[in-house]
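K.L.:
Dropping a structure here in structure tokens format, bear with me for questions.
The values are calculated or read from the model by the stated rules, or taken from the named source; none is laboratory data. The model shown is predicted, which means the values in this text are computed figures rather than measured ones. Note that we place each Cβ from the backbone using ideal geometry, even for glycine, and neighbour counts take in every protein chain shown. Each accessible area value is taken on the protein alone, full model and side chains, heavy atoms only, with ligands, DNA and RNA left out. Shrake-Rupley method; radii C 1.70, N 1.55, O 1.52, S 1.80 Å.
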Amino acid sequence: MQLFKHFSEEERFAVLRNLCAVTKHYQKGETVLHAGSENRYIFTVLSGSVKIQNIDIWGNTSVLNMVEKGQVFAEAYAFLPGEKLLVEAVANEPCEVLLIDTRRIFALPESEAKNKLIQNLLFISSMKNVHLSRRILHTSSKRVRERVLSFLSEQAERQESRYVTIPYDRQQMADYLSVERSALSKELSKMKAEGLIDYHKNTFKILI
């Protein structure tokens with residue numbers, strides 16, 4: 001788990017016990033966190049995945065992130081008492097989530113384990129900022145093709161392969177890139193016909 005990177009099993013169990021961490025289960029489509037609510041918990045996905053999304057006043061959905069097993073979400077709001085969530089977290093599939101009350105983190109006695117926990121939180125927060133910067137980069141162009149190319153290029157670089165698997169279905173990919181699903185599907189078909197890419201479901205092959 002991201003939050004307990006570099007922890008021994010003994011350290012992890014001891015810290016979780018001191019934090020009185022709890023687990024919750026959610027079914028696909030069930031809301032984990034509601035937009036407009038306040039939050040004091042750090043959430044870690046133990047199984048399944050959670051979708052972070054924003055729904056505007058007209059009902060348009062924009063997928064901001066897909067949180068996979070071992071990853072953390074809502075940590076930024078957890079350290080800002082009174083700050084209302086601008087997004088919502090929804091179970092993308094049946095999942096189990098670990099909840100840690102941030103007030104208990106501050107109450108932990110000074111130790112190497114506490115220092116490592118805080119260092120991991122800082123690392124996670126920094127990575128989230130990088131992720132948001134990448135999304136801004138992907139959606140900066142007005143053209144659907146440019147958004148797709150930017151996204152797939154970044155995925156290829158991260159996965160160090162021209163064969164890439166993305167964590168989104170077509171609707172989620174369209175939401176992430178802030179385009180209409182029909183426009184995305186049309187552009188992907190054109191790119192495939194032109195020999196730029198090949199794909200099957202959420203696996204893509206970059207051909208040139």
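K.L.:
Give the carbon-plus-sulfur fraction of the accessible surface of segment 4-89 in %, rounded to a whole number; probe 1.4 Å, heavy atoms of protein chains only.
P.N.:
Ligands and nucleic acids excluded, carbon and sulfur give 53 percent.
K.L.:
Add -39500 (n - 2.57) for each DSSP H run of 4 or more in the chain, then divide by its residues: what number comes out at 222 nm, to the nearest 500 deg cm²/dmol?
P.N.:
Result for the chain, helices only: -12500 deg cm²/dmol.
K.L.:
For the chain, what is the accessible area per residue in Å², given a 1.4 Å probe and the full set of protein chains?
P.N.:
Computed with neighbouring chains in place, this is 57 Å² per residue.
K.L.:
Tell me which of GLY36, VAL22, MET191 sits at the most positive position along the dipole axis of the chain, charges placed on C-beta atoms (Lys, Arg +1; Asp, Glu -1).
P.N.:
Value: MET191.
K.L.:
Helix 9-19 against the longest principal axis of the chain: what's the angle in degrees, Cα atoms only, rounded to the nearest 10?
P.N.:
70
K.L.:
Right, here's the next one. Any idea of GLU194's accessible area? Nearest 10 Å², probe 1.4 Å.
P.N.:
Rounded to the nearest 10, the figure is 110 Å².
K.L.:
Can I ask one more? What angle do you read, to the nearest 10 degrees and between 0 and 90, between the alpha-carbon axis of helix 112-138 and the longest principal axis of the chain?
P.N.:
Roughly 20 degrees between the two axes.
K.L.:
Related question: Report the charge-dipole magnitude of segment 64-208 in Debye, nearest 20, computed about the Cα centre from +1 at each Lys and Arg Cβ and -1 at each Asp and Glu Cβ.
P.N.:
I would put it at about 460 debye.
K.L.:
Then there is this: Report the extension gain between ASN18 and ARG181 in nm, rounded to one decimal, defined as 0.36 nm multiplied by the number of residues separating them, less their alpha carbon distance.
P.N.:
54.0 nm is the gain from fully extending ASN18 to ARG181.
K.L.:
Under unit Cβ charges (Lys, Arg +1; Asp, Glu -1), what dipole magnitude, rounded to 20 debye, does segment 1-119 have relative to its Cα centre?
P.N.:
120
K.L.:
Can you tell me, using C-alpha contacts under 8 Å and at least 6 residues apart, the relative contact order of the chain as a whole percent?
P.N.:
Once normalised by length, the contact order is 22 percent.
K.L.:
With axes computed from alpha carbons, what is the tilt in degrees of helix 181-193 against the longest principal axis of the chain, rounded to the nearest 10 within 0 to 90?
P.N.:
Value to nearest ten degrees: 60.
K.L.:
How far apart, in nm, are two points set 7 Å out from the Cα along the Cα-to-Cβ line at HIS25 and at ASN60?
P.N.:
If labels sit at HIS25 and ASN60, their model points lie 3.9 nm apart.
K.L.:
As an exercise, use a Förster radius of 30 Å and the Cβ-Cβ distance of TYR199 and SER125 to find the FRET efficiency, rounded to the nearest 0.05. Can you show the working numbers first?
P.N.:
On the way: r = 33 Å, r/R0 = 1.10.
Between TYR199 and SER125 the formula returns 0.35.
K.L.:
Please list 3J(HN,Hα) in residue order for segment 80-89, calculated via the Karplus relation 6.51 cos²θ - 1.76 cosθ + 1.60 where θ = phi - 60°; whole Hz, with x for glycine and proline.
P.N.:
10, x, x, 7, 8, 5, 8, 10, 10, 10
K.L.:
Using a simple spin-label model with points 7 Å from Cα along the Cα→Cβ vector, what separation in nm is obtained for SER141 and GLN159?
P.N.:
Spacing of the two 7 Å Cα→Cβ label points: 1.9 nm.
K.L.:
Suppose every Lys and Arg Cβ carries +1 and every Asp and Glu Cβ carries -1, with no other charges. What dipole size does segment 162-208 come out with about its Cα centre, to the nearest 20 debye?
P.N.:
140
K.L.:
Sticking with this one: Once amide H atoms are built 1.01 Å from N in the peptide plane, which residues 5 or more positions from SER49, or in another chain, come under 5 Å H to H?
P.N.:
ASN92, GLU93
K.L.:
Can you bin every Cα-Cα distance in segment 122-208 into 10 Å intervals starting at zero and give me the percent of pairs per bin, rounded to whole numbers?
P.N.:
Per 10 Å bin, starting at zero, the Cα-Cα P(r) for segment 122-208 comes out as 17, 52, 26, 5, 0 percent.
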